[in-house]
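**Q** My structure is below; once you've seen it, I'll send some questions.
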């Protein structure tokens, strides 16, 4: 299985062996300015994430919203083939905002096929030039064992 992403003339692909991962998601997004991030925030962030955003210095808001958007896109790419249904940004929440590096996301909805409210998945965020790159991986062990 694998995932692809593209953004403004830049592209990346990722493949993984099914014996190790049930799903992977990859996403690249342009880094938002603080103003752009604040306009998008209510469509992308949960109430908890919005509270966290308001505690950040203004210079960090763009990165936090960009990364959360990207991580939720990566989560969708990883989970959609397993659950077979559309879901929205409100279906998951970034558990904390540690900045660049490893993160955890928690499902806020039952998506089916064992992916229930409270399941947690790991992700990774990095910054390359003016792009936020994110990855979500779903170990072969499944949601109840990851």
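**Q** Sort through 47, 13 and tell me the only one that's surrounded by fewer than 19 Cβ atoms within 10 Å (Cβ to Cβ) and touching a strand residue (DSSP E or B) at 6+ places or on another chain (Cβ under 7 Å).
**A** Criteria check complete, one pass: 13.
**Q** For the stretch 68-78, does any single residue satisfy the condition of being in a helix (DSSP H, G or I), surrounded by fewer than 17 Cβ atoms within 10 Å (Cβ to Cβ), touching a helix residue (DSSP H, G or I) at 6+ places or on another chain (Cβ under 9 Å) and touching a residue at least 40 places away in the same chain (Cβ under 8 Å)?
**A** Among the residues of the stretch 68-78, not one is in a helix (DSSP H, G or I), surrounded by fewer than 17 Cβ atoms within 10 Å (Cβ to Cβ), touching a helix residue (DSSP H, G or I) at 6+ places or on another chain (Cβ under 9 Å) and touching a residue at least 40 places away in the same chain (Cβ under 8 Å), which makes the answer no.
**Q** Can you run down the residue pairs with Cβ atoms below 9 Å, 6 or more apart or on separate chains, where the first is in the stretch 96-113 and on the phi > 0 side of the Ramachandran plot and the partner is surrounded by 14 or more Cβ atoms within 10 Å (Cβ to Cβ) and assigned to a loop (DSSP other than H, G, I, E, B)?
**A** If the second residue must be surrounded by 14 or more Cβ atoms within 10 Å (Cβ to Cβ) and assigned to a loop (DSSP other than H, G, I, E, B), the pairs left are 113/143.
**Q** Among the candidates 24, 65, single out the residue that is crowded, with 22+ Cβ neighbours inside 10 Å, touching a helix residue (DSSP H, G or I) at 6+ places or on another chain (Cβ under 9 Å) and within 16 Å of residue 105 (Cα to Cα).
**A** The conditions single out 65.
**Q** Are there any pairs, at least 6 apart or on different chains, whose C-beta atoms fall under 9 Å, with the first in the stretch 31-42 and exposed (fewer than 13 other Cβ atoms within 10 Å of the Cβ) and the second not in a helix (DSSP H, G or I), and if so, which?
**A** Within 9 Å, the pairs are 39/32.
**Q** Considering (1) part of a helix (DSSP H, G or I); (2) more than 19 Å from residue 7 (Cα to Cα), say which one residue 62 fails and leave the rest.
**A** Every listed condition holds for residue 62 apart from (2).
**Q** In this structure, does residue 48 turn out to be outside any strand (DSSP E or B), over 19 Å from residue 31 (Cα atoms), modelled with pLDDT of 95 or more and in contact with a helix residue (DSSP H, G or I) (Cβ under 6 Å, 6 or more places away or on another chain)?
**A** no
**Q** Within the stretch 80-146, considering only strands (runs of 3 or more DSSP E) that don't extend past its boundaries, which have at least 3 residues that are modelled with pLDDT of 95 or more and more than 19 Å from residue 50 (Cβ to Cβ)?
**A** 120-128, 131-139
**Q** For the stretch 97-146, how many residues meet the condition of being more than 30 Å from residue 60 (Cα to Cα) and either in contact with a helix residue (DSSP H, G or I) (Cβ under 7 Å, 6 or more places away or on another chain) or buried (at least 20 other Cβ atoms within 10 Å of the Cβ) (or both)?
**A** So the count comes out to 5.
The values are calculated or read from the model by the stated rules, or taken from the named source; none is laboratory data. In this text, all values refer to a predicted model and were calculated from it rather than measured experimentally. Note that each Cβ is placed from the backbone with ideal geometry, even for glycine, and that neighbours are counted across all protein chains shown.
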